[in-house]
Amino acid sequence: MALEHALLVSLSEKSGSGYELARRFGKSIGFFWNATHQQIYRVLKRMDESGWVDAETVGQDGRPDKKVYRVSDAGRAELQRWIAEPTEPGQLRNELAVKIRAAALGDLADVKAEVTRHRDEHTRRLEIYRLIEKRDFPAPDRLSGPDLHQYLVLRGGIRVEEGFTAWCQEVLDAL
């Protein structure tokens, strides 16, 4: 997936400036696809040049003008094309797994400390996802459309974090 597609999805949900997109990215899509502010601005410029977004300059009091981006018809067509395109199943690429495999070649205490650190970070992320679920989706059985789609992605993130946290604990128990 290109960053362009993640930005098109975000802008389809709500128009915004590059700054607003970067903030939103950090709270939603950024959990699954991250990008720096510089990358977002660079890609927005490319998308504007390609006609995938329309930009409107909005004046602000005491601050420089900002550009607010919206998905254009060409951008919606590109998003529809991309959605229909087959996606390769993701392949687990995890440096921690390689370290665990090599545990006998190093200090076991160092490996255990690293696994513990990862477990704790994934536990923290899992707690954030569960808070988002509770706050934003209190009645998931009544969801439809974009709200349902956002919820399903969040549930995928919850399942991944639950699995990774449990795996880290399994490794620690075994070591």
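The values are calculated or read from the model by the stated rules, or taken from the named source; none is laboratory data. For clarity, every value in this text was computed on a predicted model and none was experimentally measured. Note that we place each Cβ from the backbone using ideal geometry, even for glycine, and neighbour counts take in every protein chain shown. All accessible areas refer to the heavy atoms of the entire protein, side chains included, with ligands and DNA or RNA removed. Shrake-Rupley method; radii C 1.70, N 1.55, O 1.52, S 1.80 Å.
Key figures for this structure:
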read-out	value
Residue count, region 41-54 (criterion: acidic (Asp, Glu) and open to solvent by less than 70 Å² (accessible area, probe 1.4 Å))	1
First in region 109-130 and within 9 Å of residue 161 (Cβ to Cβ), second anywhere and open to solvent by 40 Å² or more (accessible area, probe 1.4 Å) and among the acidic types (Asp, Glu), Cβ under 8 Å, 6 or more apart	126/162
Residue within region 79-87 that is assigned to a helix (DSSP H, G or I), open to solvent by 80 Å² or more (accessible area, probe 1.4 Å), at pLDDT below 95 and under 30 Å from residue 167 (Cβ atoms) present	no
Restricting region 1-47 to residues that are among the small types (Gly, Ala, Ser), free of Cβ contacts under 8 Å to residues at least 40 places away in the same chain and not in a loop (DSSP other than H, G, I, E, B), the residue that is nearest to residue 72 (Cα to Cα)	10
Condition check for residue 7: in contact with a Leu (Cβ under 9 Å, 6 or more places away or on another chain) and of a type outside the set (S, T, N, Q)	yes
Selection from region 128-151 of residues that are loosely packed, with under 12 Cβ neighbours inside 10 Å and part of a helix (DSSP H, G or I)	131, 134, 135, 141, 142, 145, 146
Test: residue in region 56-73 that is aliphatic (A, V, I, L, M), in contact with a Gly (Cβ under 8 Å, 6 or more places away or on another chain) and assigned to a strand (DSSP E or B)	yes
Unmet requirement for residue 63, which otherwise passes all of (1) at pLDDT 90 or above; (2) of a type outside the set (A, V, I, L, M); (3) farther than 30 Å from residue 131 by Cβ	(1)
Region 1-40, subset hydroxyl-bearing (Ser, Thr, Tyr) and either surrounded by fewer than 14 Cβ atoms within 10 Å (Cβ to Cβ) or at positive phi (or both), residue modelled with the highest pLDDT	19
